[in-house]
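Report on the following structure.
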Amino acid sequence: MTEPQDCRYLLTAHNDSLAQTTVRPRFFVRTYGCQMNDRDSEKMTALLSRLGYDAAEGQDDADFILYNTCCVRESAEDKVFGHLSRLKRAKADKPGLMIGVCGCMTQQPDIAQKFQEKHPYVNLVFGTSNRHRLPEFLWRAIQTGKPVIDITESDELPEIEDIPVTTRDFPHKAGVNIMYGCDNFCAYCIVPYVRGRERSRPPEDILREAESLADDGVKEVMLLGQNVNSYGGGVAFPELLRQVNAISGLERIRFMTSHPKDFSDELILAIRDLPKVCKHVHLPLQSGSTRVLADMNRMYSQEDYLALAARLQAAIPGIAITTDIIVGYPGETEEDFLATLDVARQIRFAGAFTFIYSKRSGTPAAEREDTVPRKEISERFDRLTATLYPIMEEINRTKIGKVIDVMVEDSQSAKGRADDHTLVHFTACKELKPGDIVPVRINEAKTFYISGDAIAPHPSSRNFSRARECESA
Ligand code: SAH
Ligand code: SF4
Ligand code: F3S
């Protein structure tokens, strides 16, 4: 069977009735998980557009539905299976509907069997390293009428990077993958098993992509990797930041995620000195107990983390440190948990993602029998948020009365982000568009956001005239 050279073959094959009309088939991609998956979905969307598919408004009017999945916690997987079972009913009403599942969940052992046995209505199942082959898989599934299950493991750089993105989730900001996979093997984490070994893209590819995004109107890039500090594409990460900082048109640079074990002083200086690099570091703590951290294979102690945060806070006054914390890791005692609360109080995190430990089969932690009772975990979880949230609100309160530059994210709901990533709501101004930077005088602070009024910016700002109009509006 030869592959289609032209999308019309696929359109014809997709649905005979569609072939009689000029209607193009429509797709809907639902993305779960992290920014890496968001970026992959943008690439797969580009592939589908190139094939001749149009974007559907939602699942209901789609001819092809693709779920790009996450499996970092059980709840993420439950969500996918919950949505899938609803699709099974949708397919009964619309037999031509094609369903695909890809992403991290599909890279787990025995998943092919699970789909064959329990979800035979799913037409294509593919993994994280062969997503550039989506058109071929879709075509094969349509041609043969049989499910296509193709999951390969590869430690090459994904070929999907060569595909230019045609529509982005946001006009003004985009993620740029700088590396794939993870070699850290934290004892609880499934990512190294489903995303493979750590590999970095060459700096020239990253710069080319960031430049073309800037040419396309993107103002903010987020450099993505499971552990950007160990970027190994030929230059060190701080040097990569310097090179991205030199791209004209870009105004903000963010990166995610930083592993505390190898956060260098050079990186601290780069954040301090490079004007476009935002003063925000997401630095997952996971636990404040040195004993638990060792069990987790995190390779730093409580003291190391505190010392690093102190170095960051001393070098870059006002830097926002946000974090991830896991509650109820096997063997976590009350004393261990108190150490986490202690670190939270000392560092004063500007934001935190708090997670209940989720057992992931295949990881070393899954073998442990000293699990923490459910009731204790949820009680600790509540105590953790009761410690974190008032601090977050206190930090936000210190911004009242200040004028903060906000990059507009959504002009309709008038919200945006400060340089330190704080969410800012401001008085609506229909003249502003995503990516504009507007100064906002802050007059209210809550736990998860601050709000205020847009004011006229400094005369040097490119948004001067627009923001003045806004003020008088
Ligand atoms: N590479 C990043 C994390 C990616 S996963 C890093 O190491 O910082 C995002 C977050 O999910 C992790 O920081 C961790 O807090 C959480 N997580 C990962 N596995 C988990 C599990 N099994 N149970 C609960 N939370 C988990
Ligand atoms: Fe998972 Fe640890 Fe790798 Fe992060 S660094 S992806 S938590 S194994
Ligand atoms: Fe989830 Fe895969 Fe990201 S497991 S968190 S989507 S790397």
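The values are calculated or read from the model by the stated rules, or taken from the named source; none is laboratory data. Just so we're clear, the structure is a prediction, and the values are computed from it rather than from any experiment. Glycine also receives a Cβ, built like all others from the backbone with ideal geometry; neighbour counts cover every protein chain displayed. Calculation scope for accessible area: heavy atoms of the full protein, side chains included, ligands and nucleic acids excluded. Shrake-Rupley method; radii C 1.70, N 1.55, O 1.52, S 1.80 Å.
Points 7 angstrom from Cα along the Cβ direction at Phe185 and Lys433: gap in nanometres?
Here the answer is 5.0 nm between the modelled labels.
What is the Cα centroid distance between the stretch 248-291 and the stretch 130-199, reported in whole angstrom?
First find each Cα centre; the distance between them is then 25 Å.
Mean residue ellipticity at 222 nm from the helices of the chain, using -39,500 (n - 2.57) per DSSP H segment of n ≥ 4 over the full residue count, to the nearest 500 deg cm²/dmol?
When only DSSP H runs of four or more count, the value is -11000 deg cm²/dmol.
Among the listed pairs Lys276/Lys433; Lys43/Lys219; Lys261/Lys415; Lys219/Lys446, give every one whose C-alpha distance is greater than 24 Å. Can you show the working numbers first?
Values: Lys276/Lys433 20 Å; Lys43/Lys219 19 Å; Lys261/Lys415 34 Å; Lys219/Lys446 27 Å.
Lys261/Lys415; Lys219/Lys446, as the Cα separations exceed 24 Å there.
Under a Cβ-Cβ cut-off of 13 Å, what is the net charge of the residues other than Lys91 that fall near it, where Lys and Arg count +1 and Asp and Glu count -1?
+1
Subtract the Cα-Cα distance of Glu136 and Phe353 from 0.36 nm times their separation in residues, and report this length gain in nm to one decimal.
74.3 nm
Leaving out ligands, DNA and RNA, and with a 1.4 Å probe, what % of the accessible surface on the stretch 152-275 is carbon or sulfur?
Of the solvent-accessible surface of the stretch 152-275, carbon and sulfur hold 48 percent.
Given a Förster distance of 25 Å, report the FRET efficiency between Lys94 and Lys118 from their Cβ-Cβ distance, rounded to the nearest 0.05.
Rounded to the nearest 0.05, the efficiency is 0.75.
Using only the Cα atoms, work out Rg/Rh for the chain, with Rh taken as the Kirkwood radius, to two decimals.
Ratio of gyration radius to Kirkwood radius: 0.98.
Can you tell me the length gained on complete extension of the stretch Lys279 to Thr398, counting 0.36 nm per residue apart and subtracting the Cα distance?
41.2 nm
In terms of modelled amide H atoms, which long-range or inter-chain residues lie less than 5 Å from the amide H of Gly175?
Residues meeting the amide H criterion: Met222.
Can you work out the accessible area per residue across the chain, with the rest of the protein chains kept in place, probe 1.4 Å, in square angstrom? Can you show the working numbers first?
On the way: 20980 Å² over 473 residues.
Computed with neighbouring chains in place, this is 44 Å² per residue.
Starting at 0 and stepping by 5 Å, how many percent of the alpha carbon pairs of the stretch 183-293 end up in each bin?
2, 11, 21, 23, 19, 13, 8, 3, 1, 0
For the stretch 241-356, what does the relative contact order come out to in percent, with C-alpha contacts under 8 Å and a separation of six or more?
27 percent
Would you mind telling me the antiparallel percentage of the DSSP bridges in the chain, rounded to 5?
30 percent
For the stretch 311-328, in order, what is each residue's ³J(HN,Hα) by Karplus, 6.51 cos²θ - 1.76 cosθ + 1.60 with θ = phi - 60°, in whole Hz (x at glycine and Pro)?
5, 5, 5, 6, 6, 10, x, x, 4, 8, 10, 10, 8, 10, 10, 9, 9, x
For Tyr389, what accessible surface area do you get with a 1.4 Å probe? Give it in Å², rounded to 10.
Ignoring ligands and nucleic acids, Tyr389 comes out at about 80 Å².
Computed FRET efficiency, Cβ-Cβ of Glu303 and Thr144, R0 56 Å: what is it to the nearest 0.05? Walk me through the numbers before you get to the answer.
On the way: r = 59 Å, r/R0 = 1.06.
The pair Glu303/Thr144 has a calculated efficiency of 0.40.
Remind me, relative contact order of the chain in percent, using alpha carbon pairs under 8 angstrom and six or more residues apart?
9 percent
Restricting attention to the stretch 328-422, which GluC sites (Glu not before Pro) occupy a DSSP loop and are surrounded by at most 16 other Cβ atoms within 10 Å?
Hits after loop and neighbour filter: Glu369.
Scan around Val277 for amide H atoms under 5 Å from its own, H built in the peptide plane at 1.01 Å from N, and keep only partners 5 or more places away or cross-chain.
Long-range HN contacts for Val277: Ile253.
Which percent, to the nearest 5, of DSSP beta bridges fully inside the stretch 154-253 are antiparallel?
So the antiparallel bridges amount to about 20 percent of the total.
Could you tell me the calculated FRET efficiency between Glu367 and Asp54, based on Cβ-Cβ distance and R0 = 56 angstrom, to the nearest 0.05?
Computed FRET efficiency for Glu367 and Asp54 comes out at 0.70.
By the scheme Lys and Arg +1, Asp and Glu -1, what is the net charge of all other residues having a beta-carbon under 14 Å from that of Asn396?
+2
Counting other Cβ atoms within 10 Å, which trypsin sites (Lys or Arg not before Pro) in the stretch 356-434 have at most 15 and lie in a DSSP loop?
When the trypsin sites (Lys or Arg not before Pro) of the stretch 356-434 are filtered for loop state and at most 15 Cβ neighbours within 10 Å, Lys359, Arg368, Lys402, Lys430 remain.
When the Karplus curve 6.51 cos²θ - 1.76 cosθ + 1.60 is applied with θ = phi - 60°, which whole-Hz ³J(HN,Hα) does each residue of the stretch 286-295 get, with x for Gly and Pro?
Values, residue by residue: 6, 8, x, 9, 4, 5, 5, 4, 5, 4 Hz.
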